[in-house]
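So the structure is just underneath, and the comments pick up after that.
The values are calculated or read from the model by the stated rules, or taken from the named source; none is laboratory data. Quick caveat, the model's predicted, so the values are computed rather than measured. Here the Cβ positions follow ideal geometry from the backbone for every residue, glycine too, while neighbour counts run over all protein chains shown. Note: accessible area is taken over every heavy atom of the protein model, side chains too, but ligands, DNA and RNA are not part of it. Shrake-Rupley method; radii C 1.70, N 1.55, O 1.52, S 1.80 Å.
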Amino acid sequence: ASALAAPLDMSFPKGFRWGCATASYQIEGAANEDGRGPTNWDVFSHTPGRVANGDTGDVACDSYHRYADDTKLLTGLGVKAYRMSIAWSRIFPEGRGKPNQKGVDHYNRVIDNLLAAGIDPYVTMFHWDLPAALPGGWQSRDTAKAFADYAGYMAGKLSDRVGHFMTTNEIRCFTDIGHQEGRHAPGLKLGQADVNQVRHHGVLAHGLGVQAIRASARKGTQVGLAENTVFHVPVIETPEHIEAAKKATREANAMFLTAIMEGRYIDSYLTAQGAAAPKVEAGDMAAIGSPLDFVALNVYAPVYVRADASAPGYAVIPHLASSPRMASPWLYVGPEVAYWAVRTVSELWSPKSMYISENGCSADDPLVNGRVDDADRVMFLRNYIGQLHRAVAEGYPLHGYFLWSLMDNFEWADGYTKRFGIHYVDFQTGQRLPKLSAAWYRELVARNALV
Ligand code: PNW
């Protein structure tokens, strides 16, 4: 035994925040209660053919009524942080105008319930459920302004108890998937110039939102966003491939995180788009580039890249038929993307603080004899978190991790056919049941070390 080295220390720094994440439309239900206005996702999910099985978020996990049960799931895990989102249309049923006090009361109750259990809420202002009454939706520049007014209003109500706000979740998803691919609400397939304008309104909403939150929140409130940047993994860890991956990440995210971190659209993007480039008004880019207190990343699938002698200096390697995936066809498994996401963002833009705002996977989750032994999800999480351990050990400023998701929920166009939770939800009864992965995560949190 004396010949063996000491086991690798897999512990995380003291104070590292472990948490779980959810989003309003995916868990709340109560679509027509207490004055909530309809959203683009209500419209979309009620349109035949849009969502698997015709599923909707009308009931979902019923968290609007069962939020105290959700808090108990969190305390059962021992986590001290919860990433949740606010349904804009509960606060402003028409997107703007007169606020709905019942909506504000609801989130006050949710947050007070979390705080009483010793759980720190991290609040996302917009996780895709857009008030349907806003004319033109994200195609209209006014929506960015309406978002900022709502975000400022809500920060004013909550910042006495909420220390971290995220403006938007995954601008790429609610712009491109909704307006170019048509797979998400509002289900459009616009031309490139219109798509670029929608993207611009998305990043503008974030920027104006940052300014509005800072103007109304208590001093010291931390403001950031949650982005699912396209993250490139160098195929071989040598300087040339690492440089290639870094350049690829900066360019592939030119219209999203790169614009936000640099306060401008980089030349390669503007050149590539030509006449389709977004129309930008005076002051937009300064707003978009508003300094952030933290950057949070949603990390799922990798994109492998290698150095290439021809322009632009890198080449993306397509996924192979034999590349491993989880239950969602897009969820290729590549744990090292977690490390490279943190390292690349850190090297490109030096944010003061970083979080993983989402990481997790869909799995088959068979319920057998009252148990869900999701060993594949445990494998997935163990490997991704292992790569985050490396990032932390190397000194990158990663301060917390939110597992997607606390429980199975409405998985957008996949409805309830894809499960991402570490708690199983019976959508007939609303009952929640910890999976094997919940037991595994509890051990990790208790030890503050990978197990
Ligand atoms: C994220 N992709 O969406 C969202 O923030 C969550 O609301 C969602 O439930 C979760 O990830 C799982 O899907 C994504 O195609 C949707 O790469 C699609 C992709 C990535 C993230």
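Mind counting the residues in region 210-232 that are part of a strand (DSSP E or B) and either more than 19 Å from H127 (Cβ to Cβ) or open to solvent by 50 Å² or more (accessible area, probe 1.4 Å) (or both)?
2
Exactly one of (1) open to solvent by less than 10 Å² (accessible area, probe 1.4 Å); (2) in contact with a helix residue (DSSP H, G or I) (Cβ under 8 Å, 6 or more places away or on another chain); (3) not hydrophobic (A, V, I, L, M, F, W, C) is unmet by N169. Its number?
Checking N169 against (1) open to solvent by less than 10 Å² (accessible area, probe 1.4 Å); (2) in contact with a helix residue (DSSP H, G or I) (Cβ under 8 Å, 6 or more places away or on another chain); (3) not hydrophobic (A, V, I, L, M, F, W, C), the one that fails is (2).
I need a count of the residues in region 179-193 that are closer than 24 Å to G274 by Cβ and of a type outside the set (A, V, I, L, M).
7
Could you please let me know if Y300 is open to solvent by less than 30 Å² (accessible area, probe 1.4 Å), over 25 Å from F402 (Cα atoms), hydroxyl-bearing (S, T, Y) and not in a helix (DSSP H, G or I)?
So Y300 does not fit the description; no.
Of the residues that sit in region 100-143 and are among the aliphatic types (A, V, I, L, M) and outside any loop (DSSP other than H, G, I, E, B), which one is most open to solvent (accessible area, probe 1.4 Å)?
A116
Of the numbered conditions (1) open to solvent by less than 20 Å² (accessible area, probe 1.4 Å); (2) out of contact with any Leu (no Cβ under 6 Å at 6 or more places or on another chain), H179 satisfies every one except a single condition; which is it?
Checking H179 against (1) open to solvent by less than 20 Å² (accessible area, probe 1.4 Å); (2) out of contact with any Leu (no Cβ under 6 Å at 6 or more places or on another chain), the one that fails is (2).
Given R161, R96, R172, R183, which one is part of a loop (DSSP other than H, G, I, E, B), within 16 Å of the ligand (Cβ to nearest atom) and not polar (S, T, N, Q)?
R183
For region 233-256, enumerate the residues that are under 15 Å from W349 (Cβ atoms) and open to solvent by 10 Å² or more (accessible area, probe 1.4 Å).
K246, K247, R250, E251, A252
Matching residues to (1) among the acidic types (D, E); (2) open to solvent by 30 Å² or more (accessible area, probe 1.4 Å); (3) away from the ligand (no atom under 16 Å from the Cβ); (4) assigned to a loop (DSSP other than H, G, I, E, B):
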residue: S268; (1), (2), (3), (4): no, yes, yes, no
residue: T271; (1), (2), (3), (4): no, yes, yes, no
residue: E281; (1), (2), (3), (4): yes, yes, yes, yes
residue: A309; (1), (2), (3), (4): no, yes, yes, yes
residue: S322; (1), (2), (3), (4): no, yes, yes, yes
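For region 176-192, does any single residue satisfy the condition of being in contact with an Asp or Glu (Cβ under 8 Å, 6 or more places away or on another chain), modelled with pLDDT of 95 or more and closer than 19 Å to F256 by Cα?
Checked region 176-192: at least one residue is in contact with an Asp or Glu (Cβ under 8 Å, 6 or more places away or on another chain), modelled with pLDDT of 95 or more and closer than 19 Å to F256 by Cα.
From the list D58, D62, D34, D69, which residue is closer than 24 Å to G152 by Cβ, modelled with pLDDT of 95 or more, open to solvent by 10 Å² or more (accessible area, probe 1.4 Å) and not small (G, A, S)?
On inspection, the qualifying residue turns out to be D34.
For region 418-438, give me the residue count where each residue is among the hydrophobic types (A, V, I, L, M, F, W, C), within 14 Å of F380 (Cβ to Cβ) and touching a Lys or Arg at 6+ places or on another chain (Cβ under 7 Å).
1
Between a first residue in region 359-379 that is farther than 12 Å from A438 by Cβ and a second residue that is surrounded by fewer than 20 Cβ atoms within 10 Å (Cβ to Cβ) and not hydroxyl-bearing (S, T, Y), which pairs have beta carbons less than 7 Å apart while being 6 or more apart in sequence or on different chains?
C361/L331; S362/A327; S362/L331; A363/A327; A363/D376; D364/A327; A375/L436
May I ask you to list pairs of residues, at least six apart or on different chains, whose Cβ atoms are under 9 Å apart, with the first in region 10-28 being farther than 15 Å from A391 by Cβ and within 16 Å of the ligand (Cβ to nearest atom) and the second being outside any helix (DSSP H, G or I) and among the basic types (K, R)?
G19/K80; G19/R83; C20/R83; A21/R83; T22/R83; A23/R83; E28/R36
From the residues in region 324-339 that are away from the ligand (no atom under 12 Å from the Cβ), in contact (Cβ under 8 Å) with a residue 24 or more places away in the chain and open to solvent by 10 Å² or more (accessible area, probe 1.4 Å), which one is farthest from G415 (Cα to Cα)?
My answer is E336.
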